[in-house]
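Presented below is the structure to which this report refers.
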Amino acid sequence: MDNERREEAVTILRKAGFRATEPRLLVLSFLQNAKYPVSIQEIVAGMGNKSIHQVTVYRILHALKHAGIVTQVDFRHGRSYYELRDEQHDHHHIVCVKCGRVEDFVGCDYERLAAKALKQARGFATIVSHSLELFGMCNTCSKRKVRAA
Ligand SMILES: [Zn+2]
Ligand SMILES: [Zn+2]
Ligand SMILES: [Zn+2]
C-alpha cells in the first residue's frame, strides 16, 4: 500500500469515527484499488500473506457499510459484493449473467424515479437510498451463444 493511499484510507476511517487499525486499512485499500465491486472471498484471497479471517473482513465491511463508506451490491451470485461509495457519481452496474463481467453506467435518473415511486406508494414519506443493477449478456458471451445455436 503506497503512503498516499494509506493516508487517504486513514482519513476516511477517522472521519467516520473509526480507529485506523491495520485490518481496516487493508480492507479499505483493497476496495480503493478494486475497479469493480468485490466479494469477501476475493478480499480475503487478495490479502496475500497478511491473512485476515473472513469473519473479520465481514465485520469490517458491515461497519463501513453502516458508516456510509461502503456500498453493498447484489449481483445475484449468492454472495454480496462491496465497493467504496462514490460520492460524486451515482453509478450502477451491468452484470453478464453468463461470465459475471461487470461494467458501470450512470444516469439512472434517481430523483425522478423516487418522486414517481412516492406518488404511487402512499405509505411512504421519503426515499433515502436506492440500488439498481442491470443484468445482461456481454459481447463475448452473446457471440458464443449464437455460435453454439
Ligand atoms: Zn461500482
Ligand atoms: Zn459474459
Ligand atoms: Zn442511481
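Conditions (1) of a type in the set (D, E, K, R); (2) part of a strand (DSSP E or B); (3) more than 13 Å from ligand 1 (Cβ to nearest atom); (4) exposed (fewer than 11 other Cβ atoms within 10 Å of the Cβ), marked per residue:
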site: Ile52; (1), (2), (3), (4): no, no, yes, no
site: Val73; (1), (2), (3), (4): no, yes, no, no
site: Tyr81; (1), (2), (3), (4): no, yes, no, no
site: Leu113; (1), (2), (3), (4): no, no, yes, no
site: Gly123; (1), (2), (3), (4): no, no, yes, yes
site: Leu134; (1), (2), (3), (4): no, yes, no, no
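Select from segment 28-45 the residues that are over 25 Å from Phe105 (Cα atoms) and surrounded by 15 or more Cβ atoms within 10 Å (Cβ to Cβ) and list them in ascending order.
Val44
So Ser129 passes all but one of these: (1) free of Cβ contacts under 8 Å to residues at least 24 places away in the same chain; (2) more than 14 Å from ligand 3 (Cβ to nearest atom). Which condition number does it fail?
Going through the list (1) free of Cβ contacts under 8 Å to residues at least 24 places away in the same chain; (2) more than 14 Å from ligand 3 (Cβ to nearest atom), Ser129 breaks only (2).
Between residues in segment 36-61 that are at negative phi and residues that are of a type in the set (S, T, N, Q) and open to solvent by less than 40 Å² (accessible area, probe 1.4 Å), which pairs lie under 6 Å by C-beta distance while being six or more apart or on different chains?
Pairs that qualify, where the first residue is at negative phi and the partner is of a type in the set (S, T, N, Q) and open to solvent by less than 40 Å² (accessible area, probe 1.4 Å): there are none.
Anything in segment 78-100 that is away from ligand 3 (no atom under 15 Å from the Cβ) and within 14 Å of the chain's Cα centre (by Cα)? List them, or say none. Walk me through how you get there before you give the answer.
Of segment 78-100, the ones away from ligand 3 (no atom under 15 Å from the Cβ) are 78-82, 84, 95-100.
The answer is Arg79, Ser80, Tyr81, Tyr82, Leu84, Val95.
Just to be sure before I move on: is Val95 within 16 Å of ligand 2 (Cβ to nearest atom) and either open to solvent by less than 70 Å² (accessible area, probe 1.4 Å) or in contact with a strand residue (DSSP E or B) (Cβ under 6 Å, 6 or more places away or on another chain) (or both) in the structure I sent?
When the stated conditions are applied, Val95 passes them.
Being within 16 Å of ligand 3 (Cβ to nearest atom) and at negative phi: is that true of Asp109 here?
Details: within 16 Å of ligand 3 (Cβ to nearest atom): yes; at negative phi: no.
Here the answer is no, as Asp109 does not meet what is asked.
The values are calculated or read from the model by the stated rules, or taken from the named source; none is laboratory data. Since the structure is predicted, the reported quantities are computational estimates derived from the model, not experimental observations. Note: ideal-geometry Cβ built from the backbone for every residue, glycine included; neighbour counts use all protein chains shown. Just the protein is used for accessible areas: all its heavy atoms, side chains included, with ligands, DNA and RNA removed. Shrake-Rupley method; radii C 1.70, N 1.55, O 1.52, S 1.80 Å.
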